[in-house]
Amino acid sequence: MKELNKATAPKASYPERVIQFGEGNFLRAFADWMIGEMNEKAGFNSSVVVVQPIEQGMIEMLNKQDCLYHVNLQGLEKGEKVNSLTRVDVISRALNPYTEFEAFMQLAEQPEMRFVISNTTEAGIVFDPSCRLTDTPASSYPGKLTQLLYHRFKTFRGDKSKGLIVFPCELIFLNGHKLKEAIEQYIDLWELGAEFKTWFTESCGVYATLVDRIVPGFPRKEIDAIKEKLAYNDNLVVQAEVFHLWVIEAPESVAKEFPADKAGLNVLFVPSEEPYHERKVTLLNGPHTVLSPVAWLSGINIVRDACQHEVIGKYIRKVMFEELLETLDLPKDELIQYSNDVLERFNNPFVEHSVTSIMLNSFPKYQTRDLPGLKTYLQRKGRLPQGLVLGLAGIITYYKGDARADGMKAEANDAREIIELLQTLWATGSTRQVAEGVLGAEEIWGEDLNAIPGLTDQVVTYLDAIREKGMLDVVKEII
């Protein structure tokens, strides 16, 4: 078996046009894979310089393989199984700014540089006032980026054509807005001047994005078989699902420079990412949150099995298509297509997604993912959505901690005060007190949900029915 490097495998040479903060699994299976597709199919002609955003990372592993690695895409695409291996060769080099600060700053001097992509975790986009311009480098990601931008501004003497386009991929809403705000704080803190601030505002673009692809990462269980198939000793293989979506809140002029559409990629340039963020939370995370307790209480442990179950599968579709989809304002054909994509992802034959893993912190998840839809549905239809209310009753029942018929015990995992509240309420033996107590817990909901017309009575009805008949029979009644 050959080692994987440019001596043993072909590696294309492209101009360095992208600086990437982050060398982890997600960006390598998402952004770098996409750049490879654009190079091949749309003439993007760009390579990526990876910058390690923290002191310890994977730079040495990347450089050992000359930044070559394979992406293993697995899942369903239009109903067909996909299990592909693609070699990605778009990373030209990887550097650690903590040991190679001069090389890091020299990136700003390269005239062809145009894009910055990042994934420094949700905690990465923060303003740390202890950072200084003279640090080598600044500890925060926005601080490092400000250092780089200021050096570029000085190198090219404020040339407006040398601005950079920034696509943060951190999993926080309006990530671009928060990153831009942090950079502006550093400009003020470090007193970098009005001229630089104007150049940054007018010549650079920091755009909010939403990213969506499940990336399990290094395939430890299958790696020996994958290496055998590749005939290469690749220690950086990264596994990901087939589905991908990148929503970028940027104008058409930026889309022309980043030709994802010509490569057939699911990248959308939109005026606002907010409705797409709402769509993802509502149609992907929302069904996950309610299907999990309903499936578990019906004796089902895996998301895929729940989707394929004769009864629970219909429940999931009812929640998605008849309830949550009706609460969103994007074009209906787009919502239906996205919902079908979500179902394919739930049905991924290569992923054993345990429903109990989704049950972590179920009440806060319901509050952000399902409660808005419940309220909007009631407002628009004049009645409560049965599936969403049953899902809430399922969470409350799961948190009681009883064992199923097969002996498997429910293990609620949430904030201590929530667990203690549920234990106290269930100890009363009254489902009415349980429902009123949970719905009235303003520390969970930020309000008293008993005020929602009919909700308390319907939750009580479902709690009683689940106890008397079992979840599966209750689901049969509402579908």
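Points worth noting:
- Given charges at Cβ of Lys, Arg, Asp, Glu: the chain dipole, positive-most of V267, Y207, N83: N83
- Nitroxide proxy distance, nm - points 7 Å out along Cα→Cβ at T155 and V270: 3.5
- Candidates I59, H177, T134 compared by Cα position along the dipole of the stretch 2-270: farthest toward the positive end lies I59, with charges placed on Cβ.
- Efficiency of FRET between E310 and T134 - r from beta-carbon atoms, R0 45 angstrom, step 0.05: 0.10
- Relative contact order (%) - criterion: Cα under 8 Å, at least six apart; region: the chain: 13
- Hull-based mean projected area of the stretch 281-369, where the convex hull spans the alpha carbons, in square nanometres: 5.5
- Counting beta carbons within 10 Å around each of M408, M58, M113 and listing the fewest first gives the order M408, M58, M113.
- Backbone phi angles across the stretch 274-279, fed through the Karplus curve with coefficients 6.51, -1.76 and 1.60 (θ = phi - 60°), yield HN-Hα couplings of 4, x, 6, 4, 5, 4 Hz in residue order; Gly and Pro are listed as x.
- Simple spin-label estimate for D457 and R380 gives 2.5 nm between the two label positions (7 Å along the Cα-to-Cβ direction from each Cα).
- The charge dipole of the stretch 1-143, taken about its Cα centre with unit charges on the Cβ of Lys, Arg, Asp and Glu (plus for the first two, minus for the last two), comes to roughly 460 debye.
- Whichever lysines have a C-alpha closer than 18 Å to that of K332, once near sequence neighbours (fewer than 8 apart) are set aside: K280, K318, K381
- The stretch 1-60 versus the stretch 136-187: alpha-carbon centroid distance in Å: 21
- Between N340 and F218, the simple spin-label model (points 7 angstrom out along Cα→Cβ) gives 3.9 nm.
- From helices alone, the chain scores -12500 deg cm²/dmol at 222 nm; the rule is -39500 (n - 2.57) for each run of n ≥ 4 DSSP H residues, then divide by the residue total.
- For the chain, the convex hull drawn through the C-alpha positions has a volume of 163 cubic angstrom per residue.
- Under a 5 Å amide H cut-off, with hydrogens placed 1.01 Å from N, Q239 pairs with N72, G217, F218 among residues at least 5 apart or on other chains.
- Lysine pair count for the stretch 1-118 (Cα-Cα distance under 23 Å; residues 8 or more apart in sequence or on different chains): 7.
- Ordering V71, T461, P251 by the projection of their Cα atoms onto the charge dipole of the chain, which places +1 on the Cβ of Lys and Arg and -1 on the Cβ of Asp and Glu, puts V71 at the extreme positive end.
- The calculated FRET efficiency for K469 paired with A427, based on their beta-carbon distance and R0 = 22 Å, is about 0.45.
- Semi-axis lengths, largest first, of the ellipsoid equivalent to the stretch 274-478 are 25, 21, 15 Å, with √(5λ) applied to each eigenvalue of the Cα gyration tensor.
- Cβ-Cβ distance of A194 and D261, R₀ of 35 Å, FRET efficiency by 1/(1 + (r/R0)^6): the value works out to about 0.40.
- Point-charge dipole on Cβ atoms (K/R +1, D/E -1) for the stretch 274-478, about Cα centre, debye to 20: 340
- Where N is the number of residues in the stretch 2-270, Cα Rg divided by 2.2 N^0.38 Å: 1.00
- Cβ-defined net charge surrounding V389, 14 Å radius [Lys, Arg +1; Asp, Glu -1]: -2
- Contour excess over end-to-end distance, with Cα ends at K332 and A405 and 0.36 nm allotted per residue: 22.2 nm
- The chain - charge dipole about Cα centre, Lys and Arg +1 at Cβ, Asp and Glu -1, debye rounded to 20: 840
Every number here is computed from the coordinates shown, using simple stated rules; none is lab data. Keep in mind the model is a prediction, meaning the values are calculated, not measured. A quick note on method: Cβ atoms are made from the backbone with ideal geometry, for glycine too, and the neighbour counts reach across all protein chains shown.
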